[in-house]
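The values are calculated or read from the model by the stated rules, or taken from the named source; none is laboratory data. Keep in mind that this is a model prediction, so the values were computed, not measured. Counting neighbours? That spans all protein chains shown, and the Cβs are built from the backbone with ideal geometry, glycine included. For the accessible areas, the whole protein counts, side chains as well, though only heavy atoms, and no ligand, DNA or RNA atoms are used. Shrake-Rupley method; radii C 1.70, N 1.55, O 1.52, S 1.80 Å.
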Amino acid sequence: MIDIPPPLRLLIDGPALAANWRALDRMSGTAAAGAAVKADGYGLGAVQVAERLAQAGCRDFFTATWAEAQALAPLGLIVSVLHGLRAEDVPAALAGFARPVLSTPTQVARWRDAGGGPCDVMVDTGMNRLGLAAADVAAGMLDGLTIETLMSHLACADEDSSMNPAQRTALHELRGRTGARRLSLANSAGIALGSDYAFDLTRPGLALYGGIARAELASVIAPVVTPQAQVLQRRRVPAGATVGYNATWTAPVDTEVAIVNLGYADGYLRGFSDRGVATAGDAMLPVIGRVSMDLVALNVAAAPDLAEGEWVSIAFDLPTAAAASGLSQYELLTGLGARYGRVWA
Ligand SMILES: *Cc1c(COP(=O)(O)O)cnc(C)c1O
């Protein structure tokens with residue numbers, strides 16, 4: 001195989017990732033902070049993320065699926081699989097590289113029948129997504145199971161909603177009702193709600209990767225990921241000519257334009273058309289026209305020396321990019337595709 005350096009890459013700041021985890025761990029008070037590494041570590045690379053967070057002191061990792069957990073197996077970490085235990089998952093669950101987060105009566109029965117060992121349990125406290133009914137837990141459905149973590153999930157932690165204290169109270173009422181060693185409720189935004197949401201274990205995801213889930217985190221969380229793309233062509237577009245699909249952008253004056261190797265197939269979705277920004281040194285380079293599948297056009301008037309083969313950085317401050325594109329910070333991260341080289345600092 002010939003080594004082919006990709007024309008687009010993610011610069012990933014490993015020390016910032018570790019610092020974000022440490023900050024969230026401190027904010028979690030006496031609770032331990034774990035890490036959600038589902039969706040390939042929110043697009044950054046789950047194995048590389050988990051290795052670095054384990055080194056920083058993180059002990060509890062969360063994936064959505066068993067395949068995601070299996071990819072982490074060589075690291076020998078403690079992994080919980082949030083999507084529970086389908087019939088198809090039993091062989092993986094018995095292999096011992098992760099434990100299920102049981103969330104339905106059927107899954108509880110399946111785990112008992114399989115002779116499974118320690119598990120986690122999700123209880124629903126109002127989101128009505130995954131989880132056992134709190135009343136079933138209170139009535140003893142879990143009696144006899146060895147439960148490591150009894151957890152629930154906040155529906156509105158990024159808002160000041162009355163659901164937050166209601167969900168906290170609902171989980172608190174189950175304290176001591178099962179043999180669970182720990183209780184867990186807070187995601188990234190939940191950590192910022194205060195120490196009474198932390199219980200024994202927190203489960204941040206977004207904020208580890210530089211997302212600002214609530215304003216309180218803005219001064220605490222550092223950016224982690226910067227996409228970069230290579231200039232494939234530079235051209236002068238004469239006044240009155242158009243750029244890109246459907247000719248949506250017309251040059252008001254003769255304009256210097258660079259075409260870079262990045263597009264909506266790389267998670268740089270069409271919401272960035274005429275709204276995104278790239279940088280080259282101090283120069284700001286606005287996106288002009290439609291984002292294509294694999295290409296973006298930039299106005300490079302501010303970078304007279306930027307030449308074919310050189311690299312630009314994509315402005316990817318998550319709250320700002322989310323506001324510009326209409327995408328959520330979660331979508332921005334998890335949409336980053338497979339074509340990027342991933343370069344860890
Ligand atoms: C994804 C997820 C998390 C992490 O949430 P963030 O908002 O990314 O911090 C925590 N718990 C559960 C159950 C999740 O599904």
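Phi-derived couplings, Karplus 6.51 cos²θ - 1.76 cosθ + 1.60 at θ = phi - 60°, listed residue by residue for segment 247-264: 6, 7, 10, 10, 5, x, 9, 3, 9, 7, 10, 10, 9, 10, 8, 6, x, 5 Hz, with x used for Gly and Pro.
Modelled spin labels at residue 245 and residue 233, positioned 7 Å past Cα toward Cβ, are 1.7 nm from each other. Scoring 223-231, 161-169, 240-248 by mean Cβ neighbours within 10 Å over their residues and listing the highest first yields 223-231, 161-169, 240-248. Just so you know, the averaged projected area of the alpha carbon convex hull for the chain sits at 19.6 nm².
Cut-off 10 angstrom, C-alpha nodes, Gaussian network model of the chain. Which of 96, 14, 131 fluctuates the most? Sorting by GNM fluctuation, first place goes to 96. Since only 286, 319, 302 are under comparison, the one whose Cα sits farthest along the positive direction of the charge dipole of segment 264-345, derived from C-beta charges on Lys, Arg, Asp and Glu, is 319. Restricting to DSSP H runs of at least four residues, report the calculated mean residue ellipticity at 222 nm for the chain, -39500 (n - 2.57) per run over all residues, nearest 500 deg cm²/dmol. When only DSSP H runs of four or more count, the value is -6500 deg cm²/dmol. With a/c under 1.5 counting as rounded, go ahead and sort segment 225-344 into rounded, prolate or oblate using the C-alpha gyration tensor (a ≥ b ≥ c being the square roots of the eigenvalues; past the cut-off, prolate if a/b is larger than b/c, else oblate). Prolate, because a/c is 1.5 or more and a/b exceeds b/c. For residue 342, the residues whose amide H sits under 5 Å from its own are 10, ignoring neighbours fewer than 5 places away on the same chain, with H placed 1.01 Å from N.
Between amide H atoms placed 1.01 Å from N, distances below 5 Å from residue 60 occur with 35, all of them 5 or more places distant or on a separate chain. Counting 0.36 nm for each residue step from residue 47 to residue 339 and taking away their Cα separation leaves a gain of 103.4 nm. Stokes-Einstein diffusion of segment 1-154 at 10 °C, 1.306 mPa s viscosity, Kirkwood radius from Cα pairs, rounded to a whole number: 94 µm²/s. For the pair residue 159 and residue 331 in one chain, pulling the backbone fully straight at 0.36 nm per residue adds 60.1 nm over the alpha carbon distance. Taking the Cα centre of segment 256-338 as reference, the dipole from Cβ charges on Lys and Arg (+1) and Asp and Glu (-1) amounts to some 340 debye. Annotation: amide H-H contacts under 5 Å for residue 288 (H modelled 1.01 Å from N, sequence separation of 5 or more, or interchain): 274, 297, 298, 299.
About its Cα centre, the dipole of the chain is roughly 340 debye, where the only charges are +1 on Lys and Arg Cβ and -1 on Asp and Glu Cβ. Accessible surface for the chain, divided over its residues, is 43 Å² per residue with a 1.4 Å probe. Of the solvent-accessible surface of the chain, computed with a 1.4 Å probe over protein heavy atoms with every protein chain present, carbon and sulfur atoms account for 53 percent. For the chain, the longest principal axis of the alpha carbon atoms and the long axis of helix 14-27 meet at an angle near 40°. Phi-derived couplings, Karplus 6.51 cos²θ - 1.76 cosθ + 1.60 at θ = phi - 60°, listed residue by residue for segment 134-146: 4, 5, 5, 5, 4, 7, x, 4, 9, 4, x, 6, 8 Hz, with x used for Gly and Pro. Of all DSSP-defined beta bridges confined to the chain, some 55% are antiparallel rather than parallel. Inter-part distance, segment 286-339 to segment 137-206, computed on C-alpha centroids, equals 38 Å.
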